[in-house]
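Note sheet for the following structure.
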Amino acid sequence: MAAAKKSAKKAAKKAAPKKAAAKKAPAKKAAPKKAAVKKAPAKKAAKRTPNAAFMKALTPSSELAAVVGDKPLPRTEVVKKLWAYIKKHGLQDTKNKRNINADDKLKAVFGGKKTVSMFEMTSLVSKHLS
């Protein structure tokens, strides 16, 4: 027990000078703020204009109209509606997300193929747009 008290006293003596030194040090004043350097205004990026070929309204065939509707739509909207249909009906392959397992409506659009890759899908769909 006596050894424990001695080691505690030694620890207290060692800690005491450090605390005292910290108290004696004068507080540092905050450095004055420097004036902000003005930068030249950044150039605004030119707005990207959509490609006219993508924005042209195209009429879907009767097979494609069963999936996306019969109104004339731009190619981009046709693809969006196709993906909405695929996700809604759970037709994306679970193991390979790049493949689409066609149901009866999509088989007509895909030329009778049961499974189509998403890259192949766009070329098959373009045949049904005029």
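Using a cut-off of under 16 Å, list every residue of the range 54-96 whose amide N is near the label point 7 Å from the Cα of residue 130 along the Cα-to-beta-carbon line. Correct set: 57-66, 70-73. Only Lys, Arg, Asp and Glu carry charge here, each on its Cβ (+1 for the first two, -1 for the last two); on that basis the range 53-126 has a dipole of about 240 debye about its Cα centre.
Note on the range 53-126: dipole from Cβ charges, positive end direction compared against 112, 79, 124; the farthest Cα belongs to 79.
Mind checking the range 67-130 for trypsin sites (Lys or Arg not before Pro) that DSSP puts in a loop (not H, G, I, E or B) and that have at most 16 other Cβ atoms within 10 Å?
Numbers: sites: 75, 80, 81, 87, 88, 95, 97, 98, 105, 107, 113, 114, 127; in loops: 95, 97, 98, 113, 114, 127.
Of the trypsin sites (Lys or Arg not before Pro), the ones in loops of the range 67-130 whose Cβ has at most 16 other Cβ atoms within 10 Å are 95, 97, 98, 113, 114, 127.
Using 0.36 nm per residue and subtracting the Cα-Cα separation, the extra length available between residue 89 and residue 49 on full extension is 11.0 nm.
Throughout, read-outs are computed from the coordinates displayed, never taken from laboratory work. Since this is a predicted model, take the numbers as computed values, not measurements. Every residue, glycine as well, gets a Cβ built from its backbone with ideal geometry; the counts of neighbours run over all protein chains shown.
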